[in-house]
Amino acid sequence: MRIIYIGPMDIPIPSEKGAVEEIIWQLSLKLSSNGFKVSIYNPIASNTLSKVFKSIVLHGIDCDNCILHFHDLIACGSYSSIIRYSYKSILLSLHYPPWFARSSFRHLALRFLLKYLKSRQTIFVAPSRVITNWIKRRIGGTAVFIPNGVDTSIFNPVKRSLEVREKMIKGKDVDVLVCYVARVHPSKNQLDLLKAARILVSSGIKNFRLIFIGPLHGRFGKQGGEFKYFESLRQYIEKHNLEKFVEFLGEIPHHDDVASYMASCDIYVHPSIIEAAAPLAILEALASGLPVVAYNLVYYLDYLKNHENAILVDKGDVKALAGALESLITQPILRKHLGENGRRFAERELSWENIVKKYYIPLYNKLEQNTYSSDHG
């Protein structure tokens, strides 16, 4: 069986910059090791028109009875618009909630495109049951839940390093390191975490340090962007005398290094208010054995269990966010309990090896045998 993965065409694969690119690369490696013939088609497109053209070029690939698995909606729609492909199986992974659109027009266009793809018998794949249920209800198509995975060998508690920890503590009187991995951007909501830190300090809890990891200009692995939001955060820190409690490390380019920094912390917090279906950083934190604190977004329901591997609070409730952090900062036994549960969950449910064997191989085999049922997933 031959599988062709079509990427977003934004950055090369493999890449340590993009979450979707990492997913495609890990799937390719694991499926190849299980005897599948896997190719990646991911030419870099400079704009939308270029992406449309490069998607249409796919028709020139000799691919009888293969499976085309798209990871970009525009690419899938462009390819599907001009072809008769009854001899191919077409899948589209939706990594972000389809209803997130910048305007009403784009939202309508998106729904039209999804309905068109449904009419072309495209199978939709998503890492959140919220998304698959939305597809079934609003689009009427076949939608399969497949969770995102994490490399549990790289993101692992054994990567904890006293040397890395000392770099983050910088000789200060700190017992607990709290990290957040995300680009510095309003949607990632670093400001709420600073507000929670202010509440903690005001209540006398001062033995912690916040570690922010991610590009200060808001764009992973890309030039450009702007520092306006970061500057506003810096001003907030200075105004409320939080300098000794906060460190911005900027972007750390290699997964191994990020894994070491993450495992060397004690708590992972993710206060984002607008999020992809399953942020890889949260999965990496679970695999690293860290308890997670996050706003209770519906997309996390398949991964985070309140008081089992995480503490979830209402979105925007900064006092509750501070309270959750206080509980973990002051209770090392609770930290250990939630962190160990998270690691076990990651090993059992989120390792790429298990996800490929449990979800992808059965799905692809059924497609090859034409025995796939729309009731699946």
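The values are calculated or read from the model by the stated rules, or taken from the named source; none is laboratory data. These figures come from a predicted structure and were not determined experimentally. Neighbour counts are summed over all protein chains in view; Cβ atoms, including those assigned to glycine, are modelled from backbone coordinates with ideal geometry. The area values use the complete protein model at the heavy-atom level, side chains included, leaving out ligands, DNA and RNA. Shrake-Rupley method; radii C 1.70, N 1.55, O 1.52, S 1.80 Å.
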- [ ] Specify the residue that is farthest from the chain's Cα centre (by Cα); the eligible residues are those in segment 263-277 that are open to solvent by less than 10 Å² (accessible area, probe 1.4 Å) and hydrophobic (A, V, I, L, M, F, W, C).
- [x] 265
TODO: Filter segment 222-238 down to residues that are surrounded by fewer than 16 Cβ atoms within 10 Å (Cβ to Cβ) and outside any helix (DSSP H, G or I) and give me whichever is modelled with the highest pLDDT.
DONE: 227
TODO: Among the numbered conditions (1) surrounded by 22 or more Cβ atoms within 10 Å (Cβ to Cβ); (2) of a type in the set (Gly, Ala, Ser); (3) touching a Pro at 6+ places or on another chain (Cβ under 9 Å), tell me where residue 250 comes up short.
DONE: (1)
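Among the residues of segment 1-44, write down those that are part of a strand (DSSP E or B), out of contact with any helix residue (DSSP H, G or I) (no Cβ under 7 Å at 6 or more places or on another chain) and without any contact (Cβ under 8 Å) to a residue 40 or more places away in the chain. Break it down stepwise before answering.
Start the filter on segment 1-44 by keeping residues that are part of a strand (DSSP E or B), which leaves 2-6, 37-41.
With the extra rule that they be out of contact with any helix residue (DSSP H, G or I) (no Cβ under 7 Å at 6 or more places or on another chain), the set shrinks to 2, 4, 37, 39.
Selection gives 37, 39.
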TODO: State whether the residues of segment 302-310 include one that is open to solvent by less than 30 Å² (accessible area, probe 1.4 Å), among the aromatic types (Phe, Trp, Tyr) and under 14 Å from the mean Cα position of the chain (by Cα).
DONE: yes
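Residues are listed down the side, and each one gets a yes or a no for (1) over 20 Å from residue 153 (Cβ atoms); (2) open to solvent by less than 70 Å² (accessible area, probe 1.4 Å); (3) part of a helix (DSSP H, G or I); (4) out of contact with any Gly (no Cβ under 6 Å at 6 or more places or on another chain):
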| site | (1), (2), (3), (4) |
| --- | --- |
| 315 | yes, no, no, yes |
| 322 | yes, yes, yes, yes |
| 334 | yes, yes, yes, yes |
| 354 | no, yes, yes, yes |
| 358 | no, no, yes, yes |
TODO: Give 263, 259, 294, 324 a once-over and let me know the one that is among the aliphatic types (A, V, I, L, M) and closer than 30 Å to residue 135 by Cβ.
DONE: 294
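When you scan segment 286-301, how many residues do you find that are crowded, with 24+ Cβ neighbours inside 10 Å and in contact with a helix residue (DSSP H, G or I) (Cβ under 6 Å, 6 or more places away or on another chain)?
Initial filter on segment 286-301 (crowded, with 24+ Cβ neighbours inside 10 Å): 286-294.
With in contact with a helix residue (DSSP H, G or I) (Cβ under 6 Å, 6 or more places away or on another chain) added as a condition, the list becomes 286-293.
Residues in segment 286-301 being crowded, with 24+ Cβ neighbours inside 10 Å and in contact with a helix residue (DSSP H, G or I) (Cβ under 6 Å, 6 or more places away or on another chain): 8 in total.
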- [ ] Would you confirm whether any residue within segment 173-180 is open to solvent by 50 Å² or more (accessible area, probe 1.4 Å), more than 19 Å from the chain's Cα centre (by Cα) and within 30 Å of residue 255 (Cα to Cα)?
- [x] yes
